[in-house]
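Since the structure comes first, as structure tokens, the remarks are kept for the end.
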2 protein chains.
Amino acid sequence: MPTGQPAIEPSRQEQKSERARLLLCESTVTCLTQYGYAETSISRVLAIAGVSKGALQHHYPTKEDLMAATAQHLLRRPLQQQPWSKQDRALSDPATREAALAKWLKNTWDKMINTGPYQALLEILLATRTDPVLHKRINRELEDSIRVIDEHFCQQYPDLNQASKAQLQALLCANRCLLRGLLIEAQYGLTSAAQKLVLKQWWQMLTPLLLGHFDSTSQLGETA
Amino acid sequence: MPTGQPAIEPSRQEQKSERARLLLCESTVTCLTQYGYAETSISRVLAIAGVSKGALQHHYPTKEDLMAATAQHLLRRPLQQQPWSKQDRALSDPATREAALAKWLKNTWDKMINTGPYQALLEILLATRTDPVLHKRINRELEDSIRVIDEHFCQQYPDLNQASKAQLQALLCANRCLLRGLLIEAQYGLTSAAQKLVLKQWWQMLTPLLLGHFDSTSQLGETA
DNA sequence: TAAAACCATCCAATCGTATTGTTTTTTTTC
DNA sequence: GAAAAAAAACAATACGATTGGATGGTTTTA
């Protein structure tokens, strides 16, 4: 039935609109990674997208609308990040677990943080510090995004008590922070070898603590 | 002898000039922390400093000059950071060492990273990613600043072989990165308690590795 | 025919910089 | 050592370019 449930298939106009919005957001991302937040202007985004000013203003009336939409676009991207293993629960073997975790850690850096889109997101994030209006528009989605990722990670653990979960979240937060900071550090005077060494060292510190919570009896590095 | 060696005491004009430059740089810092890089304009700095446009342009002809000088001003600040102990070498006792290190770690966060001036520096650093000209002007001083801090830290160790030093530098870099990332994370949805937990966890992971290099025999978490 | 998508142009405001003039300090010269 | 010339510090204003946003018209889709 073509029109059995109305609004189930997007109309041609809706498709067009969505494609246009996507193009604009992606152009904004390109602009942010290439020129930074301070130098990201409406006209520059327009030039990259190859559309007119009126088109942009039709979809996103103000620059703030465009930025909020772009942030949303960027935040929804990493949620596709795979968990430890494609198939659920093949992590009964400790060695498998460690390998899967190592892969996840590496993946987080290679495919999530150390990428153009994340640079763009970082530009927006830093800008929101001094832009309360934009901050308010993005904050909720941002917190949700983090929560989902953390939750997703924790679900790999069979049964997690409150204290263990708190520590895990702290470790995940630390991981985010370190990688984010490393992305910035990598801009100046950090050789590729030095960067690898830092990552190796960090993962070496992190891995046993993350794996430790699988056996509820042995909890390495317990806090308090 | 007042004029024994000429040009030893700064002339009145030089004093005036230096005071003006300092005022301008500090106003720029205020502007950066308050409004961010994108919203830091000449006129805003002028308003904060309370001087005329001509005055600024006399000391710093272009905005880039002002930013470079401000970055320099900010980079020279943290070098006053104290080492582990005020007096050299009172670290023979392991317990004293640990206490001194804990203090140093806490101090690095409280007095160096988690501050307005560092926020300002971070704004400039992120901006340099997409501003090659500014990047080039600042890069050397930036690298030097890091190197000095690292070197200063390593000097606390009596005799350090090459491998140990490499690991120490990786750990110090990781520390910088994590704290920098935490500063950004703290902007959104990170409770004060959660932040403390992350810091506590991180310091707990870091401390034994940093202290391990005092005894050249036992090297914890050795790499490769 | 109405609405959505898109385009071309215009607008006031602000950007960073250049220009010119005034005041203060330093240097030169008698 | 005081007057004159030079230079530095600072101020006021002007300038072209660009900013984000507004307006009115044209094409496409419903």
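The values are calculated or read from the model by the stated rules, or taken from the named source; none is laboratory data. Every value quoted in this text rests on a predicted model; they were computed, and no experiment measured them. All Cβ positions, even for glycine, are placed from backbone atoms using ideal geometry, and neighbour counts span all protein chains on display. Ligands, DNA and RNA are excluded from the accessible area calculation, which covers all protein heavy atoms including side chains. Shrake-Rupley method; radii C 1.70, N 1.55, O 1.52, S 1.80 Å.
At-a-glance table
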quantity	calculated
FRET efficiency, 1/(1 + (r/R0)^6) with R0 56 Å, evaluated for A:His152 and B:Asp144 via beta carbons	0.85
Spacing of the two label points (7 Å from each Cα toward its C-beta) at B:Ala99 and A:Asp65, in nm	6.2 nm
Calculated over segment B:12-75: convex hull of Cα atoms, volume per residue (Å³)	75 Å³
Accessible carbon and sulfur surface of segment B:127-178 relative to its total accessible area, %, 1.4 Å	50 percent
Inter-site label distance for B:Leu22 and B:Lys136 at 7 Å from Cα along Cβ, in nm	3.2 nm
Carbon/sulfur fraction of accessible area - segment A:12-75, other protein chains in place, 1.4 Å, %	48 percent
Threshold 50 Å², segment A:179-215 residues less accessible with all protein chains present than alone (1.4 Å probe)	A:Arg180, A:Ile184, A:Glu185, A:Gln187, A:Tyr188, A:Leu197, A:Val198, A:Gln201, A:Met205
Exam field: B:Arg76 pseudo-label spacings to other copies (7 Å along Cα-Cβ), nanometres	5.0
Solvent-accessible area per residue for segment B:12-75 (1.4 angstrom probe, square angstrom)	55 Å²
Positive dipole terminus of segment B:92-212, leading residue within B:Gln169, B:Phe153, B:Tyr188 (C-beta point charges)	B:Tyr188
Accessible solvent surface per residue of segment B:92-212, calculated while the other protein chains remain in place, 1.4 angstrom probe, Å²	41 Å²
Inverse of mean 1/r across different Cα pairs in segment A:91-212, Kirkwood, Å	16.0 Å
Where labels lie 7 Å past Cα in the beta-carbon direction, separation of B:Ala194 and A:Leu211 in nm	2.8 nm
Whole-Å distance, taken between Cα centres, linking segment A:145-176 and segment B:128-174	32 Å
Anchor B:Lys136: lysines whose Cα lies under 20 Å away (excluding residues fewer than 8 positions away in-chain)	B:Lys63
Area hidden from solvent between B and A (accessible, protein heavy atoms only, 1.4 Å, total, Å²)	4200 Å²
Hits among lysines - C-alpha to C-alpha of B:Lys111 under 23 Å, sequence gap 8 or more where chains match	B:Lys86, B:Lys103, B:Lys196, B:Lys200
